[in-house]
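Values in this text are rule-based calculations from the coordinates and carry no lab data. Computed from a predicted model, the values in this text were never measured in an experiment. Using ideal geometry, Cβ is built from the backbone for each residue, glycine included, and neighbour counts are taken over all protein chains shown.
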Amino acid sequence: MAIELGSRPWKLWRSHLKNQNTLFGYRLPIALFASIILGAGLGYLAINRFSNWRDWQAFDPNTSFDTAIPVIPWMILPYYTLYFYYPMAAMLGMKNDQTKRECILFHQILLILTWLIWMIFIFLPAKVDLRGSIDYDELGIWSGLFESLHSVDTPWNAWPSLHIVQSLLSVLIVQRWYVGQSNKHNISLVILWICWSLLAISVMTTKQHFVWDTVTAIIISLAAWKYWFLPILERSNDEEMIAEFEAIIND
């Protein structure tokens with residue numbers, strides 16, 4: 001059974017839809033990007049600091065696989081690429097009216113899914129006690145990026161990895177919009193999937209996440225895509241959905 005949360009456009013987007021041609025035509029994608037930064041980022045940091053202050057974990061996901069994975073300093077670069085996936089999804093969804101509707105619905109559902117994952121962070125927290133295996137003296141030129149990350153992100157909010165959830169769903173929506181349109185688009189998607197694979201590996205080789213965090217994030221993402229995102233996106237070109245968007249603009 002499909003999930004219906006976020007299946008109707010929020011009135012939050014009214015002014016951005018009405019004035020989407022302002023800011024050189026970037027008003028709507030900027031608003032969508034900002035919604036993730038403010039609606040997901042600030043809460044993440046607050047829960048991260050709260051968990052660090054509380055210092056209690058429901059269980060320890062650490063396994064022999066986690067300790068066997070080596071620290072690969074340069075993988076901090078693909079780890080940081082998460083922050084390109086947010087504007088990517090917002091910008092590439094501006095192809096036409098249908099993809100704009102899908103882009104708005106996608107961001108709504110992504111926010112709701114993120115908020116639900118916050119509940120796991122709060123009620124079933126796990127501490128990422130893997131950073132002890134990092135030798136800062138051996139990080140070389142990458143040490144500054146690790147230090148910057150650790151100064152902001154305390155070793156909590158482990159599972160499921162939002163790094164994986166948000167980036168994987170962003171890749172899936174972009175693939176939906178562009179796959180099969182041309183060889184150029186198909187090659188770009190292959191490159192995008194390679195980049196995402198590096199990001200997925202990086203969450204473990206930078207000791208930011210357990211294998212458990214990565215696996216559960218992929219499972220949740222694929223299940224949410226199939227039973228939540230896709231059913232709603234498929235209805236984005238229905239007359240009823242178009243009428244709802246028009247009603248927001250004309251209200």
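Between a residue in the stretch 12-24 that is surrounded by 13 or more Cβ atoms within 10 Å (Cβ to Cβ) and any residue that is assigned to a loop (DSSP other than H, G, I, E, B), which pairs come within a Cβ distance under 8 Å, given they are 6 or more apart or on different chains?
Here the result reads ARG14/ASP251, each pair linking the stretch 12-24 to a residue that is assigned to a loop (DSSP other than H, G, I, E, B).
When you go through (1) surrounded by fewer than 20 Cβ atoms within 10 Å (Cβ to Cβ); (2) touching an Asp or Glu at 6+ places or on another chain (Cβ under 7 Å); (3) of a type outside the set (Ser, Thr, Tyr) one by one for GLY180, which number turns out not to apply?
It is condition (2) that GLY180 fails.
Yes/no per residue for (1) within 14 Å of SER7 (Cα to Cα); (2) assigned to a helix (DSSP H, G or I); (3) β-branched (Val, Ile, Thr); (4) touching a Leu at 6+ places or on another chain (Cβ under 6 Å):
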site	(1), (2), (3), (4)
MET204	no, yes, no, no
HIS209	no, no, no, no
THR216	no, yes, yes, no
ILE220	no, yes, yes, no
ALA223	no, yes, no, no
PRO231	yes, yes, no, no
ALA243	yes, yes, no, no
GLU246	no, yes, no, no
ILE249	no, yes, yes, yes
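Out of all the residues in the stretch 91-105, is one or more out of contact with any Pro (no Cβ under 7 Å at 6 or more places or on another chain), touching a residue at least 12 places away in the same chain (Cβ under 8 Å) and under 30 Å from ASP55 (Cβ atoms)?
No; the residues of the stretch 91-105 include none that is out of contact with any Pro (no Cβ under 7 Å at 6 or more places or on another chain), touching a residue at least 12 places away in the same chain (Cβ under 8 Å) and under 30 Å from ASP55 (Cβ atoms).
What are the pairs, 6+ residues apart or on separate chains, where a residue within the stretch 110-136 that is in contact (Cβ under 8 Å) with a residue 60 or more places away in the chain has its Cβ under 7 Å from a residue that is buried (at least 16 other Cβ atoms within 10 Å of the Cβ) and of a type in the set (Lys, Arg)?
LEU130/LYS207; ARG131/LYS207; SER133/LYS207; ILE134/LYS207
Restricting to the stretch 155-189, what's the tally of residues that are more than 18 Å from the chain's Cα centre (by Cα) and among the charged types (D, E, K, R)?
1
Kindly list the number of the only condition in (1) in contact (Cβ under 8 Å) with a residue 24 or more places away in the chain; (2) surrounded by fewer than 16 Cβ atoms within 10 Å (Cβ to Cβ) that fails for ILE220.
Evaluating ILE220 over (1) in contact (Cβ under 8 Å) with a residue 24 or more places away in the chain; (2) surrounded by fewer than 16 Cβ atoms within 10 Å (Cβ to Cβ) leaves (2) as the failure.
For the list (1) among the aromatic types (Phe, Trp, Tyr); (2) surrounded by fewer than 16 Cβ atoms within 10 Å (Cβ to Cβ); (3) in contact (Cβ under 8 Å) with a residue 24 or more places away in the chain, I need the number of the one condition that PHE84 fails.
(3)
Which is surrounded by 19 or more Cβ atoms within 10 Å (Cβ to Cβ), of a type in the set (A, V, I, L, M, F, W, C) and over 22 Å from PRO73 (Cα atoms), of TRP212, TRP228?
TRP228
Sort through ALA46, ALA68, ALA58 and tell me the only one that's of a type in the set (Gly, Ala, Ser) and over 18 Å from PHE210 (Cα atoms).
Step by step, each of ALA46, ALA68, ALA58 is checked, and only ALA46 is of a type in the set (Gly, Ala, Ser) and over 18 Å from PHE210 (Cα atoms).
Among the residues of the stretch 3-16, which ones are outside any loop (DSSP other than H, G, I, E, B) and within 21 Å of GLU234 (Cβ to Cβ)?
TRP13
Which condition does GLU240 not pass, out of (1) surrounded by 12 or more Cβ atoms within 10 Å (Cβ to Cβ); (2) free of Cβ contacts under 8 Å to residues at least 12 places away in the same chain, if it passes all the others?
The single condition GLU240 does not satisfy is (1).
Table: residues versus (1) touching a helix residue (DSSP H, G or I) at 6+ places or on another chain (Cβ under 8 Å); (2) without any contact (Cβ under 8 Å) to a residue 40 or more places away in the chain.
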{"residue": "SER151", "(1), (2)": "no, yes"}
{"residue": "VAL179", "(1), (2)": "yes, yes"}
{"residue": "ILE191", "(1), (2)": "no, yes"}
{"residue": "CYS195", "(1), (2)": "yes, no"}
{"residue": "LYS207", "(1), (2)": "yes, no"}
{"residue": "THR214", "(1), (2)": "yes, no"}
{"residue": "ASN250", "(1), (2)": "no, yes"}
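Please work out which residue is nearest to PRO29 (Cα to Cα), limiting yourself to the stretch 66-110 and to residues that are over 22 Å from the mean Cα position of the chain (by Cα) and aliphatic (A, V, I, L, M).
ILE72
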